[in-house]
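Report on the following structure.
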Amino acid sequence: MSRIGKLPVNLPAGVTAELLPGNVVKVKGPKGEMSQKVDPDITVTIEGTEIKFTRPTDQPRHRSMHGLYRALVNNMVVGVSEGFTIKQEFVGVGYRVEAAGQMLTFSLGYSHSIQLMLPKEITAETPQVKKGENPLLVLTSCDKQLVGQVAAKIRSFRKPEPYKGKGIKYSGEQLRRKAGKTAAAK
């Protein structure tokens, strides 16, 4: 059995789940609601505060789908109850970000500013930082996949370079640094 797939998904207080026709699991909570279509071969049962997943055979396809859909539904439950947060740091002289509603404006050392419109499911905030600290961007959403995809898109505007570490990095991320050129001794 799949170690992930055989674990039940526990529903915290305030979160409800229902099984819709077509093997669609719908989860509602204080942070929003989400739904996920589950492969027809995987059987989903909702018993009280637990969602359980079972597979018909031990074929590799069924084994992989078993753990996958359990993990996706668990992420939905965590998302609608707690939400997901990604923090990004802007390292570099003059690198900054401004959030105005769903529109983000980046100043990243290019000759122009970059603007990005966020999906309505994501909220962005730029907390005030002390002088000498790097600007921060905090993205929050109930959809783990969407907030990760948007954060990766933002990071692609200016990836951290290995010599000075300038660029957009995730908060707490360890960068691999390289030694710069050294002058040859004569």
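The values are calculated or read from the model by the stated rules, or taken from the named source; none is laboratory data. Note that the structure is predicted; figures quoted are calculated from it, not measured. Don't worry about glycine lacking a Cβ; one is built from the backbone with ideal geometry, like all the others, and counts go over all protein chains shown. The accessibility values were calculated without ligands, DNA or RNA, using every heavy atom of the protein model including side chains. Shrake-Rupley method; radii C 1.70, N 1.55, O 1.52, S 1.80 Å.
Applying the criterion of at least 3 residues that are aliphatic (A, V, I, L, M) and within 30 Å of ASN74 (Cα to Cα) to the strands (runs of 3 or more DSSP E) found wholly in the stretch 108-168 leaves 136-141.
Among the residues making up the stretch 161-186, those that are under 19 Å from the mean Cα position of the chain (by Cα) and either open to solvent by less than 60 Å² (accessible area, probe 1.4 Å) or small (Gly, Ala, Ser) (or both) are ILE168, LYS169, SER171, GLY172, GLU173.
The residue of the stretch 1-32 that is nearest to the chain's Cα centre (by Cα), among those that are at positive phi and surrounded by 14 or more Cβ atoms within 10 Å (Cβ to Cβ), is GLY32.
Taking (1) closer than 15 Å to GLY83 by Cβ; (2) touching a residue at least 60 places away in the same chain (Cβ under 8 Å); (3) among the hydrophobic types (A, V, I, L, M, F, W, C) in turn, LEU108 satisfies each apart from (1). The set of residues from the stretch 37-67 being closer than 18 Å to LEU7 by Cα and in a strand (DSSP E or B) comprises THR43, VAL44, THR45, ILE46, GLU47, GLU50, ILE51, LYS52, PHE53, THR54.
Scan the stretch 110-125 residue by residue and report those that are open to solvent by less than 60 Å² (accessible area, probe 1.4 Å) and among the small types (Gly, Ala, Ser).
ALA124
Checked across the stretch 74-83, the condition of being β-branched (Val, Ile, Thr) and within 30 Å of TYR163 (Cα to Cα) holds for no residue. For the stretch 2-36, the set of residues classified as hydrophobic (A, V, I, L, M, F, W, C), under 23 Å from HIS62 (Cα atoms) and outside any strand (DSSP E or B) consists of ILE4, LEU7, listed by residue number.
Residues that are among the acidic types (Asp, Glu), modelled with pLDDT of 90 or more, within 24 Å of LYS153 (Cβ to Cβ) and not in a loop (DSSP other than H, G, I, E, B) occur at least once in the stretch 85-98.
Can you find a residue that is charged (D, E, K, R), open to solvent by 90 Å² or more (accessible area, probe 1.4 Å), out of contact with any Phe, Trp or Tyr (no Cβ under 8 Å at 6 or more places or on another chain) and under 16 Å from ALA100 (Cα atoms) anywhere in the stretch 132-154? I'd like the intermediate steps shown before the answer.
Taking the stretch 132-154 as the starting set, the residues that turn out to be charged (D, E, K, R) are 133, 143-144, 153.
Restricting the remaining residues to those that are open to solvent by 90 Å² or more (accessible area, probe 1.4 Å) gives 133, 144, 153.
Then drop every residue that is not out of contact with any Phe, Trp or Tyr (no Cβ under 8 Å at 6 or more places or on another chain), which leaves 133, 153.
In the following step, the residues that additionally are under 16 Å from ALA100 (Cα atoms) were identified as none.
Within the stretch 132-154 (the criterion being charged (D, E, K, R), open to solvent by 90 Å² or more (accessible area, probe 1.4 Å), out of contact with any Phe, Trp or Tyr (no Cβ under 8 Å at 6 or more places or on another chain) and under 16 Å from ALA100 (Cα atoms)), the answer is no, since none of the residues qualifies.
Within the stretch 98-105, is even one residue more than 17 Å from the chain's Cα centre (by Cα), surrounded by fewer than 17 Cβ atoms within 10 Å (Cβ to Cβ), closer than 28 Å to ARG3 by Cβ and polar (S, T, N, Q)? Checked the stretch 98-105: no residue is more than 17 Å from the chain's Cα centre (by Cα), surrounded by fewer than 17 Cβ atoms within 10 Å (Cβ to Cβ), closer than 28 Å to ARG3 by Cβ and polar (S, T, N, Q). Mind listing whichever residues of the stretch 99-116 are under 16 Å from ALA152 (Cβ atoms) and of a type outside the set (Phe, Trp, Tyr)? The answer is LEU104, LEU108, ILE114, LEU116. Of all the criteria given as (1) among the aliphatic types (A, V, I, L, M); (2) open to solvent by 40 Å² or more (accessible area, probe 1.4 Å); (3) more than 16 Å from the chain's Cα centre (by Cα), the one not satisfied by LEU72 is (3).
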